[in-house]
Amino acid sequence: MDHYLDKLPDFVNTIKSIQETIITNIVLIGQIPSPTFKEKRRTQALMERLAEFQVDECSTDGYRNPIGIIRGTSGPKPPIFVVANLDTVFARDVDHYYTIKENSITGAGILDNSLAVGILVSLPEIIRALDLRFESDIVLAGVIQSIGKGNLRGIRHLLKTWNTPIRGAVCIESAELGRLNYYTDGMIRCEVECNISVANGWEHKFKPNAILVINEVINQIQKLRLPQKPRSRVIFGKTSGGFKHGMIAYDAMLGFEIQSDSDRMVKSIFNDIKDIIGGISHEYEVDLKLKTISSLNASRLKFSHPLVKSTVAVMKKLEIEPISEPSESELSIFLAKKIPAVTLGVTRGENHHQVNAKVEIEPIYKGIAQIIGVMMAIDRGVCDEKRLV
């Protein structure tokens, strides 16, 4: 592996030499709106671009995930997967025009996760420029229906229907450079909806206010005693409700997420919250509905796993400082399937989840070099003998 590590700094300069192709792909893909469940146009563009770069095989699976395959030199070796999600949080009517400056790209979705998709589609040209050959097939997969209510359906279907073993995987996220995810928490993402019937003709001055009912839900959840071990928390992520300032709110919504490194604790907290909502619904005489949007099981590689250790070595060689935390990305589905995988960030950015999100261009080349380095480590066998141990 040391022989390949020594080449990585030179890879950065070679990758930078084709920056025009890389930035073109990022902008071409990113300026196509791709909200969850409506990724068709971006899928078509990715397929067309992969075909132009002459991958050995280009198709979609039964769930419409676009896939490009670069054939390896050893037929019997299982493939290496490189994946990025195609969907973003922005609707089609949001302006997706990108502004390119000397060292930045600004626009909706660039951080979530359009830059990563642009890198994914550039990999055939990058591998060609670096004059690399892999023993394993390289499977480049843009996966749909990942975020929010998509609940990672694209990657779930792809791995469920893939009919051969998978050697290892790299999941690409646009930011942040230094991100190294190799474990995921258990999680349940929920929404609580409060609906109050409208009285005909006149409104009783003591009619419940949906916003205040949701506030009571928050107050009672905050009273739950959550353990530090296993590490557990409830995150309140979004609220909405009401119609105008002088009118009692008839509808309100709360979005929250339960997280823990113990699946059992996630279920226990969920049941406690379910009881809270049932009690408030009865006492306030309102219609409260608890909906589960998505869920994940806790999975992990140990830090001592060869893939994690090799990834850290790659990052250190490129002078990237690894930062690790739980991930809710496609990583969790690979790990749940007992497939060694890591998630890597490509560059630095700001204004996450905003229409004016911005990424730095210069770190991208080092971010890509680390992806190539990890692919090379997997191809040399760091995942072959030790799976999820």
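Table: residues versus (1) within 22 Å of the chain's Cα centre (by Cα); (2) of a type in the set (Ser, Thr, Tyr).
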site: Val234; (1), (2): yes, no
site: Ser240; (1), (2): no, yes
site: Phe243; (1), (2): no, no
site: Arg264; (1), (2): no, no
site: Ile273; (1), (2): no, no
Selection from the range 268-285 of residues that are in contact (Cβ under 8 Å) with a residue 12 or more places away in the chain and within 29 Å of Glu328 (Cα to Cα): Ile269, Phe270, Asp272, Ile273, Lys274, Ile276, Ile277
Neighbours by Cβ (under 8 Å, 6+ apart or cross-chain): first from the range 86-97, under 10 Å from Ser34 (Cα atoms); second among the charged types (D, E, K, R) and surrounded by 20 or more Cβ atoms within 10 Å (Cβ to Cβ): Leu86/Glu39; Leu86/Arg42; Asp87/Glu39; Thr88/Asp112; Val89/Asp112
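Whether any residue in the range 230-244 is among the aliphatic types (A, V, I, L, M) and assigned to a loop (DSSP other than H, G, I, E, B) is what I want to check. Explain how you work it out, then say what you get.
To start, the set of residues in the range 230-244 that are among the aliphatic types (A, V, I, L, M) comprises 234-235.
Now drop any that are not assigned to a loop (DSSP other than H, G, I, E, B), which leaves none.
The answer is no, given that none of the residues of the range 230-244 is among the aliphatic types (A, V, I, L, M) and assigned to a loop (DSSP other than H, G, I, E, B).
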Cross-chain or 6+ apart pairs with Cβ under 6 Å, the range 110-125 first and under 16 Å from Asp56 (Cβ atoms) and among the acidic types (Asp, Glu), then open to solvent by less than 10 Å² (accessible area, probe 1.4 Å) and assigned to a helix (DSSP H, G or I): none
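In a loop (DSSP other than H, G, I, E, B), in contact (Cβ under 8 Å) with a residue 60 or more places away in the chain, open to solvent by less than 10 Å² (accessible area, probe 1.4 Å) and hydroxyl-bearing (Ser, Thr, Tyr), is that true of Ser327? Lay out the reasoning, then the answer.
Numbers: in a loop (DSSP other than H, G, I, E, B): yes; in contact (Cβ under 8 Å) with a residue 60 or more places away in the chain: yes; open to solvent by less than 10 Å² (accessible area, probe 1.4 Å): yes; hydroxyl-bearing (Ser, Thr, Tyr): yes.
Considered against the rule, which asks whether it is in a loop (DSSP other than H, G, I, E, B), in contact (Cβ under 8 Å) with a residue 60 or more places away in the chain, open to solvent by less than 10 Å² (accessible area, probe 1.4 Å) and hydroxyl-bearing (Ser, Thr, Tyr), Ser327 comes out as yes.
Among the strands (runs of 3 or more DSSP E) confined wholly to the range 1-103, which include 2 or more residues that are more than 23 Å from Ser329 (Cβ to Cβ) and at pLDDT 95 or above?
Values: elements: 57-60, 66-70, 80-85, 99-101.
It comes to 57-60, 99-101.
The values are calculated or read from the model by the stated rules, or taken from the named source; none is laboratory data. Since the structure is predicted, the reported quantities are computational estimates derived from the model, not experimental observations. Reconstructed Cβ throughout: ideal geometry from the backbone, glycine too, with neighbour counts over all protein chains shown. We work out accessible area using only protein heavy atoms, side chains counted, and drop any ligands, DNA or RNA first. Shrake-Rupley method; radii C 1.70, N 1.55, O 1.52, S 1.80 Å.
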